[in-house]
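Data first, discussion second: the structure below is written as structure tokens.
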């Protein structure tokens, strides 16, 4: 089995980077063809139960504050006794109360499991979390680094990527045998997981499956009549049996279901999609939307612009509706999407004090900060899926471009020196020092820059 590459350019960052040889072999043998199980692929930085629990607590607290619509991020399922047809069934709890969700006072996953099991009177349960990368910075780094080689070999999926957590002691996938419009990389974080899989054609002739040639690219489900039918289908399935630290993959076309396991089982499912955004269905006749980009078209620092294929599609959409604001808003949206590594949502912001003049900062060059002109004369600074829009004069814009180029070098930078260089011979009305500091503080909150020690020669 190939050994992983070095973890990261930034010491201490978790990385699941894999060598090019692995991705070349994967693309040739398995990508969009067949499921596969990999054992012991990662020497370090594999997602842990503590990290997943921390993400669940963060998501729970934000949901309890009303930051997300009900069922948008978290779903809670209770497993009931076997139904009349001999199969278990699940009810989804709505609305969710704090009692259902992981809380800081649970301390850890074991504490939450004990509390919720007692509260449910011993019934099995499952909790799912979408967009896990939005609730834990380390998880975002893990998924981004893992996808690095995938993007290089297969391309950047413009349908996005999303990491979903499945946590609980439930026996079967609560929504039964189903298929997604996502290619799935499945990380077994805790316990054991058995996944049953069927190629699309194996179940495509069933009555509940639409007879549409394009349905292979869309999500759907299978309705089992009774235990006998379930046993018949299971006899035809391919089984992947994973344990903690293992990685599975299956194509978007495959039907699948998680099978019973003992005790707590936790997994993170990284899905990537090549579907087109909804608004392209309203685009001009003959308008094209690229389903993927080359990895070299991702943000790469000074001078980067939204790829030409995306700009053309967005311009066509704006022309059809004759609204410049459409092109500006969509351009900003796709810049944020690509600076966020083509993942759904943004990583959590850092809670840090404002920078002082005597501090030093640096960036990770592999995740550059970009400045992009927007239709209508505005200028946008974006990193890690976050952004701010400015309306600078040509002189100020050139200075902002030099500022970002200096930061993207990855070298330690003095706040005082950056500020002195920026405002040298610049009129006071052109751009305020307060706005300059606010921009740097935004970059710290977005985790695009981090505080660091000055070089040894400056100490």
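Select the strands (runs of 3 or more DSSP E) contained entirely in the stretch 30-107, then report the ones holding at least 1 residues which are under 30 Å from residue 229 (Cα atoms) and more than 25 Å from the chain's Cα centre (by Cα). So that I can check it myself, show each step before the final result.
Working: elements: 36-38, 74-79, 90-92.
The strands (runs of 3 or more DSSP E) meeting that bar are 74-79, 90-92.
Taking the stretch 380-395 only, how many residues are buried (at least 17 other Cβ atoms within 10 Å of the Cβ) and at pLDDT 95 or above?
8
For the stretch 348-369, a tally of residues being in a loop (DSSP other than H, G, I, E, B) and under 20 Å from residue 385 (Cβ atoms) returns 11.
Taking residue 250 as the residue in question, decide whether it is buried (at least 16 other Cβ atoms within 10 Å of the Cβ), over 15 Å from residue 268 (Cα atoms) and at pLDDT 95 or above. No, not satisfied.
Test residue 409 against the criterion of being more than 30 Å from the chain's Cα centre (by Cα) and farther than 18 Å from residue 386 by Cβ, and give yes or no. For residue 409, the condition - more than 30 Å from the chain's Cα centre (by Cα) and farther than 18 Å from residue 386 by Cβ - is not met. Looking across the stretch 281-301, the residues that are exposed (fewer than 15 other Cβ atoms within 10 Å of the Cβ) and modelled with pLDDT under 80 come down to 281, 282, 284, 285, 286, 288.
Return yes or no: is residue 431 surrounded by 15 or more Cβ atoms within 10 Å (Cβ to Cβ), assigned to a loop (DSSP other than H, G, I, E, B) and touching a helix residue (DSSP H, G or I) at 6+ places or on another chain (Cβ under 7 Å)? Write out each step before concluding.
Values: surrounded by 15 or more Cβ atoms within 10 Å (Cβ to Cβ): yes; assigned to a loop (DSSP other than H, G, I, E, B): yes; touching a helix residue (DSSP H, G or I) at 6+ places or on another chain (Cβ under 7 Å): yes.
Yes, satisfied.
For residue 108, the conditions (1) farther than 19 Å from residue 186 by Cβ; (2) at pLDDT 95 or above; (3) buried (at least 17 other Cβ atoms within 10 Å of the Cβ) all hold with the exception of (3).
Inspect the stretch 208-218 for any residue being in a loop (DSSP other than H, G, I, E, B), buried (at least 16 other Cβ atoms within 10 Å of the Cβ), under 24 Å from the mean Cα position of the chain (by Cα) and touching a residue at least 12 places away in the same chain (Cβ under 8 Å) and give the result as yes or no. Checked against the condition, which is being in a loop (DSSP other than H, G, I, E, B), buried (at least 16 other Cβ atoms within 10 Å of the Cβ), under 24 Å from the mean Cα position of the chain (by Cα) and touching a residue at least 12 places away in the same chain (Cβ under 8 Å), the stretch 208-218 yields no hits at all. Quick check, is residue 412 in contact with a helix residue (DSSP H, G or I) (Cβ under 9 Å, 6 or more places away or on another chain), modelled with pLDDT of 95 or more, farther than 16 Å from residue 302 by Cβ and not assigned by TED's automatic domain parsing to the domain that holds residue 138? So residue 412 fits the description; yes.
For the stretch 295-313, the set of residues classified as part of a loop (DSSP other than H, G, I, E, B) and either in the same structural domain as residue 158 (by TED's automatic domain parsing) or in contact with a helix residue (DSSP H, G or I) (Cβ under 7 Å, 6 or more places away or on another chain) (or both) consists of 298, 299, 301, 302, 306, 307, listed by residue number. Quick check on my filter: what residues within the stretch 149-163 are crowded, with 20+ Cβ neighbours inside 10 Å and not in a loop (DSSP other than H, G, I, E, B)? Matches in the stretch 149-163: 149, 150, 151, 156, 157, 161, 162, 163.
The values are calculated or read from the model by the stated rules, or taken from the named source; none is laboratory data. Every value quoted in this text rests on a predicted model; they were computed, and no experiment measured them. Cβ coordinates were reconstructed from backbone atoms using ideal geometry, including for glycine residues, and neighbour counts include every protein chain displayed.
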